[in-house]
Structures are given as C-alpha cells and as structure tokens.
Amino acid sequence: MNHYCPGHVYTRTLHHIAPIVGKIDGVESETTILQSLLAQNRWHCGKRGGWYDRLALLHMKDKTTEQLRRAYKLVTVALLDESTLLRYKPKLIRRLKRLEHQLKLAPDERHACDGDLERCQDVYILGCRIRPCAQDSKGTESAAGKTIWEGSQGVPLGVEDYALEHYARLG
C-alpha cells in the first residue's frame, strides 16, 4: 500500500502547504514546492493537473515575455502529460488560449483543440412514485429511505432500476 509510505505523506503535506507557503513566504517558495511535486510521478498523480495549472498561474503573474513563454511551455507539457486527468484539461486549454493571446502568437502558430467538452443533455424521466410508509421511533409516519417507483407492470422499483427499465423500453 502506498498510503503507508513516507513519500505519500510528504507529498500530501507539500500539496496542502504549498498555497499557504505562497501566501506567507512568497511566490518563489510556492514555485519551488510545485516544481518538486511535479518532479516526482509516484504519489498523488491525480493532482498533477492542478499543480501544473497553479504553477502556470504563478508564472503568469509576472507579465514579462519570458515568464509567459515559460507558462506556455508548462501548459503544453501539462496537456501532453498522461497523468493529467480529464477534469483539468478544459481549464488548461483555456489557460493555453489566454497565453497564446497574451504572447500575440500568429493564428497558424496557435493550438487547435478538437476535443472540447460540451454540456451534457438533460434527460427527464417521468413516473409514478409510490410513497413508502415507515414509522419512526415516535410512531409517526415518515417517507424515509430510498424512493420507490411504480414499474411498467406495477412492480415497485428503485430509482436506478426504474431508469434502466425506461431505457430498455426505448431500445
């Protein structure tokens, strides 16, 4: 188990104290901590996207072209890193576009992201809810517990089974 290794504890501690150190000691200290977190790829790999994003933000605070180019390279590395989770990619793509705009790159030098995430379609399933009558410790009736729905053949179903039955009817 990796949770009982000292490296796991140290990495978790550094992850939690990095923003605090940045507020107290300054940007240089937080940058050093984030670079050391990104240098290892064994513990807390799921947080790498957030570390890349925060480090790019720290580089972007200094508006010099050198720092902006450093942030640009960092974000491109983050998007190519296999350990960067999908949840961080939209934020990194927005940061990349912002950096390309600030660096005034030509349109042919800019990145084109084909895999933009779109908002999912809302699906509403209507049904008849059966109210369960349960008595609590005082003897009064209450509707506690899982909701029960009337299935297509009058069989009481849980919400998950009701949704599965709905999609089975659709084909």
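The values are calculated or read from the model by the stated rules, or taken from the named source; none is laboratory data. Because the structure is predicted, anything quoted here is derived from the model rather than measured. We work out accessible area using only protein heavy atoms, side chains counted, and drop any ligands, DNA or RNA first. Shrake-Rupley method; radii C 1.70, N 1.55, O 1.52, S 1.80 Å.
Data for the structure
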| read-out | value |
| --- | --- |
| Candidates L157, L80, L57: whichever shows maximal mean-square fluctuation once the chain is modelled as a Gaussian network with Cα springs under 10 Å | L157 |
| Protein accessible area in the stretch 1-137, 1.4 Å probe - carbon and sulfur % | 54 |
| Exposure of R48 as accessible area (Å², to 10), given a probe of 1.4 Å and all protein chains | 20 |
| Binned Cα-Cα distances of the chain, short to long, each 5 Å bin given as a whole percent | 1, 7, 12, 12, 11, 8, 7, 7, 8, 10, 8, 6, 2, 1, 0 |
| Interatomic Cα distance distribution for the stretch 13-71, bins of 10 angstrom, percent | 24, 53, 22, 1 |
| Count, lysine Cα pairs under 23 Å in the chain, 8 or more residues apart or across chains | 26 |
| Area of V9 that stays accessible when all protein chains are in place (1.4 Å probe, Å², to 10) | 70 |
| Candidate residues I130, I33: accessible-area rank, largest first, probe 1.4 Å | I130, I33 |
| Nearest-10 value in Å² for the accessible area of K73, using the 1.4 Å probe | 130 |
| Accessible area per residue, Å², the chain with all protein chains present, probe 1.4 Å | 72 |
